[in-house]
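The values are calculated or read from the model by the stated rules, or taken from the named source; none is laboratory data. What you see is a predicted model, and the numbers here were worked out from it, not measured in a lab. Ideal geometry is used to build each Cβ from the backbone, glycine not excepted, and the neighbour counts take in all protein chains shown.
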Amino acid sequence: MSKTYSILVVDDEPNLRITLSLILQREGYIVTIADGADQAHARLKEDTFDLVFLDIKMPKKSGLVLLTEIKQLFPDLPVLLLTAFASLDSAIEAVRRGAADYLLKPIDPPQIVARVKQVLSEQQPNRRRAIMNEMQRLLGELNQIDGFSAENAPAEQLDMDSDRYLQRGPFLLDLHTRVASINGEELSLTPTGFDYLTVLMRFSPNTMQYQKLVKEAQGYETTLIEAKEVTRWRVHELRKAIETDSRNPRYLITVRGEGYRLVT
């Protein structure tokens, strides 16, 4: 990693705090721990963090309440939730409140590392977009000054390699940088939102059944009832990002009783 990221782990279970800290430290991250909301607030006042791991079920103050407080203080700070199947509804509610994603217990080291890298990588496209916007502004000024043509300027060429890029209609995914766009405009997606869009695009225009969609996008088996709830909120998030009117979707269609499909 070119930058050393700092991560705060908040969990009332000592064994989990230690295990998660070791997993992250082996990947080169700086890890600070807190055993609950009070310590978490103190740590957040003392240091600056790039990511927070937060357990939903904690005594005194729940993770959902702490999540809301963190997002009020640090709107751009990504928060990853830890939960068990028994608290899946709470995890869905947490995503609605601004959590970047949630992971199921018991924790799986490769999945933890992959999700952390994905969430932290989301910070990079914002910087890239700002640079590209500034370049376009400067090219526009040059064009006005002396007839300079942007067509003659060096530009990033998209090598439409199927291993890197996935395109369906107006949608384009860069699977290496995990940047998604529609009609050339970059979309703001959570890491899991990107995964769901990837799966829907790969299978488009076929219908993805609820359980298969969860399995393909998030990598775990779940019951039909749980899968319906999980996919419902993920699709809701995607529609807000890609649809002009999320209540009357043009692209992401509900197939009642079966699942969802992406049409382009």
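Structure notes:
- Residues that are surrounded by 21 or more Cβ atoms within 10 Å (Cβ to Cβ) and either among the acidic types (Asp, Glu) or modelled with pLDDT of 80 or more (or both), drawn from the stretch 84-100: 99, 100
- Within the stretch 213-236, being buried (at least 18 other Cβ atoms within 10 Å of the Cβ) and under 16 Å from the mean Cα position of the chain (by Cα) holds for 214, 217, 218, 230, 231, 234, 235.
- Any hit, the stretch 194-204, residues being among the acidic types (Asp, Glu) and surrounded by fewer than 17 Cβ atoms within 10 Å (Cβ to Cβ): no
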